[in-house]
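Right, one structure below, let's go through it.
No value in this document is a laboratory result; all are computed from the given coordinates. Model, not experiment: these values are computed from the prediction. Quick reminder, even Gly has a Cβ in these numbers, built from the backbone with ideal geometry, and neighbours come from all protein chains shown.
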Ligand SMILES: Cc1ncc(C[n+]2csc(CCOP(=O)(O)OP(=O)(O)O)c2C)c(N)n1
């Protein structure tokens, strides 16, 4: 593959207006140049490769036909917006993608006037688009609002809530359904099997036959209708398949059209542009288009780290092979699933990301992928629990935010034994503020009946999962993204007494209470401080709820306490500890808290961000010295 130096057209594109004078042939060439730029950049910076490669022609066609930023494009999830960034004047900065201070991997209104709405979590585009369209109508502005949403993101209830209201209000809205038959993994659900390409298969043939028989059975009229329909196989498909579904929502349906054919895309959007009211254009694309390894394995190339462009193989990471928390969770689930046939594993469209793929292979009838439907996943689990099953819901910390009411209303209120496993707790790195998982301690700690824990290492994660499945109430375990600590793994499971801390070191001058990922850095900090003459104790809190009363004894004996957690300070473990002191009338302890500040955390390498916010050994040492001065 030629590299970006061979790009001729791209350097001349400083904004969408520069596309308008290009011929169709030049636009096709530009698509290749943009692909090259994306592949090269992502191979160095990591990012969402396959989703972005799949929409290069679609992005060019939209910018060619519409008048952005007057017209608004809302990219659902926003992980496919790299071509959009490149076209809208950010090609020069594209090499900074996902780096600290560089371009975000997602649309950001603060980054560019061409980014109409910030995204990162899925299925928000139709609601946001309808809001924008409603506002524009109110202000008397005439411009188009376009929502680009994938078939995976269409599995979420929120997308249907948006469709439902749009159809009802009959507001102007163009929804582009980017159908590549994939979520991260192959898409799931009845809706996805309704989309046309699937209907061309066996089920469609069966459906068609049934329909023919039915129509034939209607004397007189049936045969006439059938003849009309037979005229074109294409119209037969669109008449009876996805079109029907969207038309039921009062959308005008156009498609399916080939998403890598610029001529088809441009013609269709030119037509759609002149239609008022809700319109849905159904576009068929290939995820990973134009890069062979990504086309072959779109799930792997959905989101990647750096890789070698010629082979597609990941760049080797240094250091010893240490399993990730995700891998340890996945493996432990299989072990526990063997012992306990009541365990169900539930994911919201992330079988690989959560590590549940091995459970899915081992126990397919006890594994459920609900699609991108976190709210449904939680209430579905609650239903299973009422029937005596032991559901484990594995959802990234950031995405579980979406199911907050279901956790409260459907799980905690009924005190149901659902286990929540929150991967990516804390700072996640380059995906930035939409993906950091640093609110979970706060949002889960306040819920009655909930037990909330965080392991200090991958071995403790195993024991926590084992412990969680022995409880008869809701339990949440949050753990960080990436590799474990590299500790030895116990083969036998241990039950951890609920609410009991683990004392790792005792000290007279200061007690550090640490949670999860902050435990080992705290121990290292204590060792450094000891060499400086300070006697520092370290307690692995293990639980953020319930809190061990014994903590107050350790606190009082040292008189000074530093609480360290990879969560926002507000409402976190430190807050819980202060509440406990206050409730018990203890006022002879000085307390400091290390955690994240009350603002959204930017994107950048996780280690860099941890250092920036004092969430590492150095930061703990500094704060401890200060407190002991
Ligand atoms: C609420 C929420 N849950 C999960 C995710 C993780 N996620 C990011 S993209 C994606 C799949 C999206 O599929 P689709 O919309 O079809 O887009 P494609 O990647 O196939 O282009 C998922 C599950 C998310 N971003 N938001």
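Some points to look at:
- Once the Cα-Cα distance is subtracted from the 0.36 nm per residue extended length, the residue 252 to residue 264 segment shows a gain of 2.5 nm.
- Helix 125-139 axis versus longest C-alpha principal axis of the chain: approximately 70°, rounded to the nearest ten.
- As computed over the chain, the Cα convex hull volume per residue (Å³): 181
- Order by protection proxy (mean Cβ within 10 Å, highest first), peptides 170-177, 328-335, 362-369: 170-177, 328-335, 362-369
- Cα gyration tensor category, rounded, prolate or oblate, for region 325-478 with a/c compared to 1.5: rounded
- Nearest-0.05 FRET efficiency for residue 472 and residue 341, computed from C-beta distance (R0 25 Å): 0.90
- Using the Cβ-Cβ distance between residue 618 and residue 490 with R0 set to 41 Å, the FRET efficiency from 1/(1 + (r/R0)^6) comes to roughly 0.85.
- From least to most packed, judged by other beta carbons within 10 angstrom and beginning with the fewest, 6, 297, 548 follow the order 6, 297, 548.
- Shown is the FRET efficiency for residue 316 and residue 607, computed with R0 = 25 Å from the Cβ-Cβ distance and rounded to the nearest 0.05: 0.85.
- DSSP beta bridges fully contained in region 325-478 are about 5 percent antiparallel.
- Highest mean packing first, where packing is the average number of other Cβ atoms within 10 Å per residue, the peptides 417-429, 464-476 line up as 417-429, 464-476.
- For region 502-628, the relative contact order comes to 29 percent (Cα pairs under 8 Å, sequence separation of at least 6).
- Residues listed by number, region 429-457, amide nitrogen under 12 Å from residue 583 label point at 7 Å toward C-beta: 446-449
- The distance between label points at residue 169 and residue 557 comes to 6.2 nm (points 7 Å beyond Cα on the Cα→Cβ vector).
- Against the chain, whose longest principal axis comes from its Cα atoms, helix 573-583 is set at around 50 degrees.
- Each part gets one Cα centre, and for region 157-196 versus region 463-529 those centres are 42 Å apart.
- Share of pairwise Cα separations in region 502-628, more than 21 Å, in percent: 33
- Packing-based ranking, highest mean first, of 89-99, 36-46 given that Cβ atoms within 10 Å are counted: 36-46, 89-99
- Between 0 and 90 degrees, the angle of helix 202-216 with respect to the longest Cα principal axis of the chain falls at about 50 degrees.
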